[in-house]
Amino acid sequence: MKNVQQAIGLLGYKNISHMVLTLSVFDVLKKSNRSTFDRRAFWIHSIASAIMSVKIAKACLYRSEDDVFTAGLLHDIGKVFMDGFLHEFFDKIIDHAQENGQSFHATERALFDVDHSMIGEWVARSWTFPLLVTAVIKHHHQEQQERRGLVFSSDVAVDFVRLADVMVRREGYGTNGDGKEFVTTISPELFQRLPISETDVYALLENLKNDVENSEILLDLVTKG
């Protein structure tokens, strides 16, 4: 019970409600019966990204931490849709990324004309997600100068989630479909926009393991409830 209380204290009731809602969304987007993709490991990646995004946002004195948490949690929702409804397409990307030691995103861009960010944006628009969350889903693999089309396209929250996504992948929290041999890199452009340094960001990782473990306990309660 103490760990559950710690998880509630860490995330706050509003973010927990977002987490439960997101679980419901993911449940609607059920995975294919043939899927071998580890949804739990994917959830760990998503939760770690959400928590790390908020840590970065707080360090940058950003105003809308709740939206940042939700955006971090949902940034890869396009992959969930692909796993459930475009499974052969999804499997081909996963297999190719593993065989060639590539990222999921680079692989899908090499193989097809559509990627999970584009699909995720469609899901977000269809289900009327908050505009900031939609912008993060759409742009989380793009440099600032490439982003356009939404009121929040240039918002620095996109950079928070981009950076958090890279950091949690580097630290091995869950999986997002990248090949096991792929090594993520941080774009120097990120630190030109953020009022923190790479050293600062690594310092923010200090308590992430405990935070994610506490969130996993809550995740187990929610999914088994």
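Derivation of every value follows stated rules applied to the coordinates shown; laboratory data play no part. For clarity, every value in this text was computed on a predicted model and none was experimentally measured. All Cβ positions, glycine included, derive from the backbone under ideal geometry; neighbour counts span all protein chains shown.
Numbers at a glance
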| item | result |
| --- | --- |
| Hz values of 3J(HN,Hα) by residue in region 41-57 - Karplus curve (6.51, -1.76, 1.60), Gly and Pro given as x | 4, 5, 4, 4, 4, 5, 5, 4, 5, 5, 5, 5, 4, 5, 4, 5, 4 |
| Net lengthening on full extension, S154/A203 (0.36 nm per residue, minus Cα-Cα) | 15.0 nm |
| Residue exposure sequence - H116, H141 - by fewest surrounding Cβ within 10 Å | H141, H116 |
| Ranked list, fewest to most other Cβ atoms within 10 Å of each Cβ, for L74, L132 | L132, L74 |
| Residue order, fewest to most beta carbons within 10 Å, for Y62, Y202 | Y202, Y62 |
| Estimated FRET transfer efficiency (V114, K58; beta-carbon r; R0 41 Å; 0.05) | 0.75 |
| Computed label-point distance, nm, for sites I186 and R170 using a 7 Å Cα→Cβ extension | 0.5 nm |
